[in-house]
Amino acid sequence: MVNIYSYLCNIIHCKRAYVMSVKEIVSVSLVLFSVIDIMGSIPVIIDLKKKSGHIESEKATLVSGFIMFAFLFLGESILHLFGLDVQSFAIAGALVLFLVGLEMVLGIHIFRGDAQSSTSSIVPLAFPMIAGAGTMTTIISLRAEFDQLTIFIGIAINLVFIYLVLRTSSWIERKLGTSGAEILRKVFGVILLAIAVKLFKTNLSAWH
């Protein structure tokens, strides 16, 4: 009788732990999804694709994943290795985002690419748009509340979604049309500028 009771208690405990684990994974995934905002980056992806000729989805996803997993396990140690702090890193990322937003709004070309080059798949797409300062600081913050395995799974889920969006960017572009893509480009360019300014102000004040 005691063995049956213990067995049932173990099952209930495992189920509760499983439910809590799923909830934590969902929470981490949603937080990262909001910060990365890959859907909001669609106009930028389309714009980069037009300039460079193509976007290497696999390379962009792998580089983004490498950066995020590196920050998960090493975090601030990476910055300290180069004598940097989180605030300085965030300000640098904000400046790059500001330039990207500026060329979206004004129609100028700062990050120049060509059909033979795949650098745009890494900069500014993989970094700082996907795995930028905001994503990295969020990962470091999540470590204070969740275990590494939960955050690892959350990052992996987001990487799958990022890859799908990058792979279907041409289809999304066709659905939006030229005018639709241009409108979104301008709107999200302004939003990107606002995010960059906010990120700059927040980290500049914290820096001092």
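We did not get these values from a lab; they are worked out from the coordinates using the rules stated. Predicted model, so just to flag it, every value in this text is computed and none were measured. No Cβ is skipped: glycine too gets one built from the backbone with ideal geometry, and neighbour counts run over all protein chains shown.
PRE reach from S27 (point 7 Å along Cα→Cβ): which of the stretch 123-149 fall under 17 Å by backbone N?
138-149
Would you calculate the separation in nanometres between label points at V197 and I122, each defined as 7 Å from the Cα along the Cα-to-beta-carbon direction?
According to this spin-label approximation, the distance is 3.3 nm.
Using a Förster distance of 22 Å, how high is the FRET efficiency between R174 and K51, based on the Cβ-Cβ distance and rounded to 0.05?
Plugging the Cβ-Cβ distance into 1/(1 + (r/R0)^6) gives 0.75.
L81 to L62: extension gain in nm, 0.36 nm per residue of separation minus the Cα-Cα distance?
4.5 nm
Please compute the length gained on full extension between V105 and L204, using 0.36 nm multiplied by the number of residues separating them and subtracting their Cα-Cα distance. All intermediate terms of the calculation are to be shown ahead of the outcome.
Values: separation 99, 0.36 × 99 = 35.64 nm, distance 2.46 nm.
Full extension of this stretch gives 33.2 nm more.
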